[in-house]
Amino acid sequence: DLAVDPEVPSRWFVAAASGGVWRTTNNGTTFEPVFDEQSSYSIGCVAIDPSNRHTIWVGTGESWTRNSVSIGDGVYKSMDGGLTWELKGLEGSEHIGKIVVHPRDPNTVWVAALGALWRPNAERGIYKTSDGGATWRHVLDIDENTGVTDLEFDPSDPDVVYAAAYQRRRHVWGLMSGGERSGIYKSTDRGNTWREVTTGLPKGDMGKIGLAVTAADPDLVYATIEADSDERGFYRSMDKAERRSE
């Protein structure tokens, strides 16, 4: 993952699947490690607080489903630009796909937890904090086999949040990527409650889904969707994920 400072675009944070977190202050000419003293080296995502560029969030546990995957031990937060870190919980999530911070309320953060890859576990779905990570609520809990791999909010109304659910299970002999519980969910109340949106989406089982919302026109929501050969592909909604056309 990659997070670019919105105020100083020459400053980036890079998350490596099996190599910690790195920072550059010169457009990537040189990098320095900033996470080596922590207990996880496997990183799923990194995010910069849009209202405070010195606050950095890291979700540990790479989000890929390789057979050589490495796990993490929760969510970390730095309030000094990556100099020091504090573990903020969700230790049992193992793999975190995305962290998004409310652009006007730095205490409100959503975490997309994929959960364990090789077994069922309860700590997957979407978690929300309203106090900067001191406490968390499990606001989207689908089942013990289905986590969330991506999160996006509406840039014109960040109380509207979209989520991509992913049912998966790794075995020694292969990967079960997808199932009937994969899908796209939407919240209109800051992620407190969620409903699945299905109009125009594949009718059969879906796999991993990637989401993007267009900043220039927030009515446009895009999704890349794993499905069978007839339905997989690139989808677009022109009315905030209420309707889609391929």
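Worth a mention:
- So Asn27, is it of a type outside the set (A, V, I, L, M), surrounded by fewer than 19 Cβ atoms within 10 Å (Cβ to Cβ), over 29 Å from Asp105 (Cβ atoms) and touching a residue at least 60 places away in the same chain (Cβ under 8 Å): no
- Residue list for region 30-41, restricted to those being open to solvent by 30 Å² or more (accessible area, probe 1.4 Å) and not in a strand (DSSP E or B): Thr30, Phe31, Asp36, Glu37, Gln38, Ser39, Tyr41
- Across region 224-246, the number of residues qualifying as under 22 Å from Val139 (Cα atoms) and either among the hydrophobic types (A, V, I, L, M, F, W, C) or touching a residue at least 60 places away in the same chain (Cβ under 8 Å) (or both) comes to 2.
- Counted residues, region 73-92 - those being open to solvent by 10 Å² or more (accessible area, probe 1.4 Å), in a loop (DSSP other than H, G, I, E, B) and within 19 Å of Tyr127 (Cβ to Cβ): 5
- Scanning region 209-220 for residues that are surrounded by 15 or more Cβ atoms within 10 Å (Cβ to Cβ) and free of Cβ contacts under 8 Å to residues at least 60 places away in the same chain yields a single hit, Leu220.
- Counting residues in region 58-66 that are farther than 30 Å from Met176 by Cβ, surrounded by fewer than 19 Cβ atoms within 10 Å (Cβ to Cβ), in contact (Cβ under 8 Å) with a residue 24 or more places away in the chain and not hydroxyl-bearing (Ser, Thr, Tyr) gives zero.
- The one condition in (1) more than 30 Å from Pro218 (Cα to Cα); (2) open to solvent by 10 Å² or more (accessible area, probe 1.4 Å) that Val100 fails to fulfil: (1)
- Residue match in region 148-160 (condition: out of contact with any His (no Cβ under 6 Å at 6 or more places or on another chain), small (Gly, Ala, Ser) and either within 19 Å of Glu62 (Cβ to Cβ) or open to solvent by less than 10 Å² (accessible area, probe 1.4 Å) (or both)): no
- Checked against the criterion of being open to solvent by 60 Å² or more (accessible area, probe 1.4 Å) and among the small types (Gly, Ala, Ser), the candidates Ala165, Ala134 yield just one match: Ala134.
- Condition met for Asp105 (without any contact (Cβ under 8 Å) to a residue 60 or more places away in the chain, of a type outside the set (S, T, N, Q), farther than 25 Å from Glu242 by Cβ and open to solvent by 50 Å² or more (accessible area, probe 1.4 Å)): no
- Residues in region 179-194 that are charged (D, E, K, R), in contact with a strand residue (DSSP E or B) (Cβ under 6 Å, 6 or more places away or on another chain) and either open to solvent by 40 Å² or more (accessible area, probe 1.4 Å) or farther than 17 Å from Thr224 by Cα (or both): Arg181, Arg190.
The values are calculated or read from the model by the stated rules, or taken from the named source; none is laboratory data. Just so we're clear, the structure is a prediction, and the values are computed from it rather than from any experiment. Note that we place each Cβ from the backbone using ideal geometry, even for glycine, and neighbour counts take in every protein chain shown. All accessible areas refer to the heavy atoms of the entire protein, side chains included, with ligands and DNA or RNA removed. Shrake-Rupley method; radii C 1.70, N 1.55, O 1.52, S 1.80 Å.
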